[in-house]
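Take a look at the structure set out below.
The values are calculated or read from the model by the stated rules, or taken from the named source; none is laboratory data. The shown structure was predicted, so the numbers you read here are calculated from the model rather than taken from an experiment. Cβ placement follows ideal geometry from the backbone for every residue including glycine, while neighbour counts extend to all protein chains displayed. Heavy atoms of the whole protein, side chains included, go into the accessibility calculation; ligands, DNA and RNA do not. Shrake-Rupley method; radii C 1.70, N 1.55, O 1.52, S 1.80 Å.
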Amino acid sequence: MTSGKNGDVDMDLGNNERRMLRAMLSDPSREWTLGQLLSETGWEDQVHVAGAGKKLEEEGLLELSESSSRMVSLGDEGQRASENGLLESRLWGWMSELDGEKRTMKSLMSSDFDRAETGPGIGILKGLGIDIESGSFIISDESKISQEIDRRSEFILSLSEGAVESSNLDSEMLSHFSSRSGLLIFEDVTIRTWKLTKSGSSFDPSSLEETKLIGEVTPEMLQTESWIGAEFKPFDVEAPAPMPTGGRRHPMQSLIERIRSVFLEMGFSEIEGDYVQSAGWNMDSLFIPQSHPARTMQDTFYLNQPRNVEVDEEYLDLWARVHEHGHDTGSKGWGGSFDKEESQRALLRTHTTVNTVRHIADNPHTPSRVFGIGRVFRQETIDRTHMPEFHQIEGIIHEPDASLPMLISTLKTFYSKMGYPDVRVRPAYFPYTEPSAEVDILWKGEWLELGGSGIFRPEVTEPLGTEWPVCAWGMGLERLAMLVLGLDDIRQLYQPDLERLRKMPLL
Ligand code: PHE
């Protein structure tokens, strides 16, 4: 920190201001031009002069004056004239070497002068007062012409060293040459000069030592003592900076990746399945009665192509028995008669539970903990919370000791790893589980329902060929995504709005 020595002003000058002020104090009464300041300060970039000058001006230490002026320099033609002489001067030279009667148009045409020069040349000679009579040049006042040519030549030569401000030039010559093409170039420039004010010139240069400013603290620096007593460059954290916009994963994709890694970490393996399934695997295997309202065309997308998906006769028989009278499961079944045709109707899966059930059927005697994250389809009217396509996070624990407490603790572990440690279950009903539980998580003081779970009923497990209990759950991915991303409309997840997607949190 430096205090002004001029008594009433107490200011804080940076290194650039100190350097510029010191430079100007070497000649306190001078009006400094940019070039002079650059050489006195040793700066290469005029930005420093402009910046430090502005600050010093604000502090009342210097005055900046700006004036605009018109600079004149030689154009291509002018450059040539300064080297080889003006056209009129060369013509005049040619003419003075000839006897009076030989000064004719004809001899001019056969001279060394270029075609492109003779035409304009004659015009210029006329302008100088030389007449042409019957093809001969008539010179009346030789000395006047000669004087005028010298004056023009001098003017051109005076510009050969570089641009000159127009007010320092002969205005008659200026207007003459500006009507001739290619001789002169005009440029308007602003000229700035810096001059110390009274309080600026009263500064003591020895108080303007530059301090070492540290812009970046490095580990190396901290190992030495060089930072002790040093001044740190202030950072303006509010300064506007460009927003980096690189590519990134879609937030849904990131969330799926995170869920995947949480389940893998918990010892689960991932399974997948097809979108197109038979009603049998999607519903009958789960003991959903064939008359269940959720199976109607209003809720499920049935397909025309393929219209049917073949199902093993073995399963059709088993489901028929279970549905009609309970088979060996101890259940009475739903009664009525089971429709095997209906069981083979093709549909878009309405939940991913079809994947876990099929996994058990394929591996009835192998204990397993599997999960899947997949798309499901239901005939929903699109609104803030519904879409006809969405995702479920499905899973099962299929092993001899599977139990309700194991199910609940698994879901609690999963959600706390996702960042939601408060999980509760409430009794619920699904045709395929007993007991059944709704899973809620606590978010901003409210319990939000995220999915269903339970232990598969014997009506489900027996036809699959397993003797072990199965903990099962199926949860909404979009609900979770909305929580994690802070959205209140499910559609925002899938709109290709780059602006919004860029701003969504990284998961
Ligand atoms: N399949 C149920 C649904 O779509 C969720 C569920 C899965 C419920 C497994 C119980 C057991 O909502």
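So is residue 322 among the aliphatic types (A, V, I, L, M), farther than 21 Å from residue 378 by Cβ and away from the ligand (no atom under 16 Å from the Cβ) or not? Answer is yes for this residue. In the condition set (1) outside any loop (DSSP other than H, G, I, E, B); (2) crowded, with 19+ Cβ neighbours inside 10 Å; (3) in contact (Cβ under 8 Å) with a residue 24 or more places away in the chain; (4) within 16 Å of the ligand (Cβ to nearest atom), residue 350 is compliant with all but (1). Tally time: how many residues in segment 464-489 are more than 10 Å from the ligand (Cβ to nearest atom), open to solvent by 10 Å² or more (accessible area, probe 1.4 Å) and not in a loop (DSSP other than H, G, I, E, B)? The qualifying residues number 5.
Of the residues that sit in segment 425-437 and are more than 12 Å from residue 407 (Cα to Cα) and more than 9 Å from the ligand (Cβ to nearest atom), which one is least open to solvent (accessible area, probe 1.4 Å)?
Kept after step one, since they are more than 12 Å from residue 407 (Cα to Cα), are these residues of segment 425-437: 426-434.
Those still in the list that are more than 9 Å from the ligand (Cβ to nearest atom) too: 426-427, 429, 431, 434.
Working: 426: 80, 427: 119, 429: 140, 431: 13, 434: 114 Å².
Here the answer is 431.
Filtering segment 164-181 to residues that are loosely packed, with under 15 Cβ neighbours inside 10 Å and either small (Gly, Ala, Ser) or closer than 27 Å to residue 104 by Cβ (or both) leaves 167, 171, 175, 178, 179, 181. The single condition among (1) within 16 Å of the ligand (Cβ to nearest atom); (2) modelled with pLDDT under 95 that residue 444 does not meet is (1). Sort out which residues of segment 69-107 are open to solvent by less than 40 Å² (accessible area, probe 1.4 Å) and without any contact (Cβ under 8 Å) to a residue 12 or more places away in the chain, and write them in order of number. Scanning segment 69-107 gives 93, 107. Within segment 125-149, the set of residues being open to solvent by 30 Å² or more (accessible area, probe 1.4 Å) and in a helix (DSSP H, G or I) comprises 126, 127, 142, 143, 144, 146, 147, 148.
Tell me which residues, restricted to segment 413-424, are among the β-branched types (Val, Ile, Thr) and either near the ligand (Cβ under 10 Å from one of its atoms) or free of Cβ contacts under 8 Å to residues at least 24 places away in the same chain (or both). I'd like the intermediate steps shown before the answer.
Here is the first cut: in segment 413-424, the ones among the β-branched types (Val, Ile, Thr) are 413, 423.
Once the filter is applied, which keeps residues that are among the β-branched types (Val, Ile, Thr) and either near the ligand (Cβ under 10 Å from one of its atoms) or free of Cβ contacts under 8 Å to residues at least 24 places away in the same chain (or both), segment 413-424 yields only 423.
Look at segment 310-334 and say how many of its residues are open to solvent by less than 40 Å² (accessible area, probe 1.4 Å) and touching a strand residue (DSSP E or B) at 6+ places or on another chain (Cβ under 8 Å). Before you say what the answer is, go through the steps one by one.
Let us first name the residues in segment 310-334 that are open to solvent by less than 40 Å² (accessible area, probe 1.4 Å), namely 311, 315-316, 318-320, 322-323, 326, 329, 331, 333.
Subsequent filtering for residues that are touching a strand residue (DSSP E or B) at 6+ places or on another chain (Cβ under 8 Å) retains 311.
Residues that pass the stated criteria total 1.
When the residues of segment 388-408 are filtered to those that are under 26 Å from residue 486 (Cα atoms) and surrounded by fewer than 17 Cβ atoms within 10 Å (Cβ to Cβ), the one that is nearest to the chain's Cα centre (by Cα) is 389.
What is the residue count in segment 276-293 for residues that are within 46 Å of the chain's Cα centre (by Cα) and within 15 Å of the ligand (Cβ to nearest atom)? Show your work before the answer.
From segment 276-293, those within 46 Å of the chain's Cα centre (by Cα) are 276-277, 282; that's our starting set.
Narrowing further to those that are within 15 Å of the ligand (Cβ to nearest atom): 277, 282.
Residues meeting the conditions: 2.
Hey, can you tell me all the residues within segment 150-188 that are over 14 Å from residue 69 (Cβ atoms) and either basic (Lys, Arg) or part of a loop (DSSP other than H, G, I, E, B) (or both)?
Residues of segment 150-188 over 14 Å from residue 69 (Cβ atoms): 150-162, 170-173, 175-185.
Hits for segment 150-188 are 151, 152, 159, 160, 161, 162, 170, 179, 180, 181, 182, 183.
Where residues in segment 361-378 are without any contact (Cβ under 8 Å) to a residue 60 or more places away in the chain and outside any loop (DSSP other than H, G, I, E, B), which of them is surrounded by the fewest Cβ atoms within 10 Å (Cβ to Cβ)? Applying the filter and picking the extreme gives 362. The residues in segment 193-214 that are touching a residue at least 40 places away in the same chain (Cβ under 8 Å), over 16 Å from residue 61 (Cβ atoms) and either charged (D, E, K, R) or in a strand (DSSP E or B) (or both) can be counted, and the count is 3.
Can you find a residue that is aromatic (Phe, Trp, Tyr) and under 50 Å from the mean Cα position of the chain (by Cα) anywhere in segment 336-356?
Quick first cut of segment 336-356, residues aromatic (Phe, Trp, Tyr) only: 338.
With the extra rule that they be under 50 Å from the mean Cα position of the chain (by Cα), the set shrinks to none.
Checking segment 336-356: not a single residue is aromatic (Phe, Trp, Tyr) and under 50 Å from the mean Cα position of the chain (by Cα).
Could you run through segment 380-409 and say how many residues are farther than 19 Å from residue 452 by Cβ and either part of a loop (DSSP other than H, G, I, E, B) or within 12 Å of the ligand (Cβ to nearest atom) (or both)? Counting residues in segment 380-409 that are farther than 19 Å from residue 452 by Cβ and either part of a loop (DSSP other than H, G, I, E, B) or within 12 Å of the ligand (Cβ to nearest atom) (or both) gives 7. Return the residues of segment 262-298 that are assigned to a loop (DSSP other than H, G, I, E, B) and closer than 18 Å to residue 344 by Cα; say none if nothing qualifies. Scanning segment 262-298 gives 273, 274, 275, 283, 287, 288, 289, 290, 291, 292, 296, 297. Residues in segment 58-75 include none that are touching a Leu at 6+ places or on another chain (Cβ under 9 Å) and part of a helix (DSSP H, G or I).
Number of residues in segment 184-211 that are more than 30 Å from residue 52 (Cβ to Cβ) and either at pLDDT below 95 or surrounded by fewer than 17 Cβ atoms within 10 Å (Cβ to Cβ) (or both) equals 2.
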